[in-house]
Amino acid sequence: MTHRITCDADLEEGMAALRALHPHWAAIIERTGIPPLRRREGGFAGIAAIIVSQQLSVASARAVLARVESVFGQLTPERILAATDDEMRLSGLSRPKQRTMRAVAAAITLRRLDLEALETATPEQVHARMTAVSGIGPWTADIYLLFCLGHRDGFASGDLAIQEAARVAFGLPARPKATALEALAESWRPWRGVAARLLWAYYAALKAREGVNA
């Protein structure tokens, strides 16, 4: 059975487990409180929204997604595969994101990417299956795993905000690379999904504090 993060009670259970694992978590949790749940729609529409948000601010991503939805209506693999080049251009998507959207739509339609099977897959399996699709990188797979699937052991070692938060919170000499952060997070299993949310919340607190270069 795949354990999900679905409510604040799940977050609190994970926070208690992390606090018992490492003393640094107590200070992090004192600063952040219960982090946002951040669950979102799954399926193709969920992947599409993540693709849109790549390398964009939250406000910009929302604006582009609204434009995409206004052009295509309901976001389905069939609608994207039937889209004309003019529609793609009008959507505001960059060329790489257009290619990725079409590649994902084709993979789902041809059953090379089985979204239902992802529901019960391990984080490693989700990663492997999603990144096998052209244009889907580790970050996109991680965000889908964390927020669309709500897997309690999902993580995003390549996310710059999480890396910076970990540097400050754990007193690291430099911002850890993805591989180093992945190794550090091994001891946080099976609650890495809660750890990721706490580190994002901690990073937001760092940004809000005057004088911190975060």
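Taking every alpha-carbon pair under 8 Å whose residues sit at least 6 apart, the stretch 43-148 reaches a relative contact order of 29 percent. Over the chain, DSSP H runs of length four or greater, each weighted -39,500 (n - 2.57), average out per residue to a 222 nm ellipticity of -18000 deg cm²/dmol.
Sequence-distant contacts, meaning Cα pairs under 8 Å at least 6 residues apart, place the relative contact order of the chain at 26 percent. Pull out a ≥ b ≥ c, the square roots of the eigenvalues of the alpha-carbon gyration tensor of the stretch 43-167, then state rounded if a/c is under 1.5, prolate if not and a/b is larger than b/c, and oblate in the remaining case. Oblate is the answer for the stretch 43-167, as a/c is 1.5 or above yet b/c matches or exceeds a/b.
Every read-out reported here was derived from the displayed coordinates using simple, explicitly stated rules and does not represent laboratory data. All values reported here derive from a predicted model rather than from experimental measurement.
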